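Visitor: To start, I am sharing the structure in question, which I have written as structure tokens.
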Amino acid sequence: MLKNRIDVGEIPDGEFTLPGAHKAIVTAVVFESVQSQLISRRTRQSQRGERKERGSSGLANLLGVLICGYCQRPMSTSTSHRGSIRYPYYRCRSTAGGRPPCAGVNIGVHELERFVCGVLTDLEDADSPIARELREHWAHVDDRQLQHDLPTIVDRVVYDQQSCEVTIELDDDRLEALRINVSDAAERANLESL
């Protein structure tokens, strides 16, 4: 419906449209505005915090931060079915904007999110840029809660299927704010226990 010129009172005639005998259900201005919005959604990356639903679905918590390592475009979700079982995947959506697709670039939602969570909670990694107290805190958080919190923890995740690499980018200011929140909460808990 959002792309059908019949809605503005026109009918298709080959490469052109002609005025139809039916009444328009939307104005041409509204229709063109919707077309502009649809095009802009296909060809640009969302900004942090722009999409309210980012990471809130519980199904794909890295949506909005996951990038295809080959074409550097955002990855979206897809679901395959086998009987009544659903398998959610992240997939490259590089066909948006008329670009050729990145063939076969996909990874299971849960597989990738568990991997990212494992990196965030790895207490043995001495070279980790994440403060140990944050990793200890996250190691004690329920896995589902941690996966849900991923969009607030990571800035960007780049999945490169060709090299089998995942790059996790963190925002230092956000990490420091999280570290302070965790420290403050631990301090409050200690004071309350006295």
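None of the figures in this text is laboratory data; all of them are computed from the coordinates on show. Please read all numbers here as calculations on a predicted model, not as lab measurements. Here the Cβ positions follow ideal geometry from the backbone for every residue, glycine too, while neighbour counts run over all protein chains shown.
Visitor: Could you tell me which label, among (1) 200; (2) 129; (3) 137, carries the value of volume of the Cα convex hull per residue in Å³ calculated for this structure?
Guide: (1)
Visitor: What trypsin sites (Lys or Arg not before Pro) in the range 90-153 are in a loop by DSSP, with at most 13 other Cβ atoms within 10 Å of the Cβ? Mind dumping the intermediate values first?
Guide: Working: sites: R91, R93, R114, R132, R135, R144; in loops: R93.
Here no loop site has a sparse enough neighbourhood.
Visitor: Quick one: C102, C92, fewest Cβ neighbours within 10 Å first, how do they rank?
Guide: Numbers: C102 20, C92 27.
Ascending Cβ contact count within 10 Å gives the list C102, C92.
Visitor: Just add up the charged neighbours of Y70: K/R +1, D/E -1, any other residue whose Cβ is under 14 Å from the Cβ of Y70. List each step's numbers first, then the result.
Guide: Values: positive: R73, R91, R93, R99; negative: D160, E165.
Local net charge: +2.
Visitor: What is the magnitude of the charge dipole of the chain about its Cα centre, with +1 placed on the Cβ of each Lys and Arg, -1 on the Cβ of each Asp and Glu, and no other charges, expressed in debye to the nearest 20? It would help to have the intermediate numbers written out before the result.
Guide: Working: 24 positive and 29 negative charges, 245 e Å.
Here the size comes out at about 1180 debye.
Visitor: Taking the Cβ-Cβ separation of D155 and H22 as r and a Förster radius of 45 Å, what is the calculated FRET efficiency to the nearest 0.05? Working shown, then result.
Guide: Working: r = 50 Å, r/R0 = 1.10.
Computed FRET efficiency for D155 and H22: 0.35.
Visitor: A further question follows. For the chain, which cysteines have no second Cys with its Cβ under 4.7 Å from theirs?
Guide: Among the cysteines of the chain, those whose Cβ sits 4.7 Å or more from every other are C71, C117, C164.
Visitor: While we're looking at this one, here's another question. Mind ranking 147-157, 23-33 by how tightly packed they are, going by the mean number of other C-beta atoms within 10 angstrom, highest first? Write down the numbers at each step before the final one.
Guide: Working: 147-157: 18.7, 23-33: 12.9.
Averaged packing, sorted descending, gives the order 147-157, 23-33.
Visitor: If we count other beta carbons within 10 Å of each Cβ, what is the order of T167, T17, fewest first? Walk me through the numbers on the way to the answer.
Guide: Details: T167 11, T17 14.
Least crowded to most crowded, the residues run T167, T17.
Visitor: Taking the chain as the reference, fit the longest principal axis to its C-alpha atoms, fit the long axis of helix 28-43 to the helix C-alpha atoms, and give the angle between the two in degrees, 0 to 90, nearest 10.
Guide: 40
Visitor: While we're on this one: As a test of the formula, what do you get for the chain when each DSSP H run with n ≥ 4 contributes -39,500 (n - 2.57) and the sum is divided by the residue count, at 222 nm and rounded to the nearest 500 deg cm²/dmol? Mind showing how you got there, number by number?
Guide: Values: 5 runs with 69 residues, N = 194.
Computed ellipticity for the chain at 222 nm equals -11500 deg cm²/dmol.
Visitor: Please report E10, E136, E124 as a ranked list, fewest other C-beta atoms within 10 angstrom at the top and most at the bottom.
Guide: Values: E10 18, E136 13, E124 6.
In increasing order of surrounding Cβ atoms, one gets E124, E136, E10.
Visitor: Compute the length gained on full extension between D13 and S33: take 0.36 nm times their separation in residues and subtract their Cα-Cα distance, giving the result in nm to one decimal. All intermediate terms of the calculation are to be shown ahead of the outcome.
Guide: Details: separation 20, 0.36 × 20 = 7.20 nm, distance 2.28 nm.
Roughly 4.9 nm would be gained on extension.
Visitor: Once the Cα atoms of helix 143-153 and of the chain are each reduced to a long axis, what angle between those two axes, in degrees from 0 to 90 to the nearest 10, is obtained?
Guide: Result, in degrees: 70.
Visitor: Full-extension gain between R144 and F115, please, as 0.36 nm times their residue separation minus the C-alpha to C-alpha distance. The partial results should precede the final answer.
Guide: Details: separation 29, 0.36 × 29 = 10.44 nm, distance 1.31 nm.
Extra length available between R144 and F115 comes to 9.1 nm.
Visitor: So for the range 70-170, averaging the separation of alpha carbon pairs under 8 Å that are six or more residues apart and normalising by length, what relative contact order in percent results? All intermediate terms of the calculation are to be shown ahead of the outcome.
Guide: On the way: 108 pairs, mean separation 18.6, N = 101.
18 percent.
Visitor: Multiplying the sequence separation of L123 and C164 by 0.36 nm and subtracting their Cα-Cα distance, what value in nm do you get? Before the final figure, lay out the partial values.
Guide: Values: separation 41, 0.36 × 41 = 14.76 nm, distance 2.32 nm.
Between L123 and C164, full extension yields 12.4 nm more.
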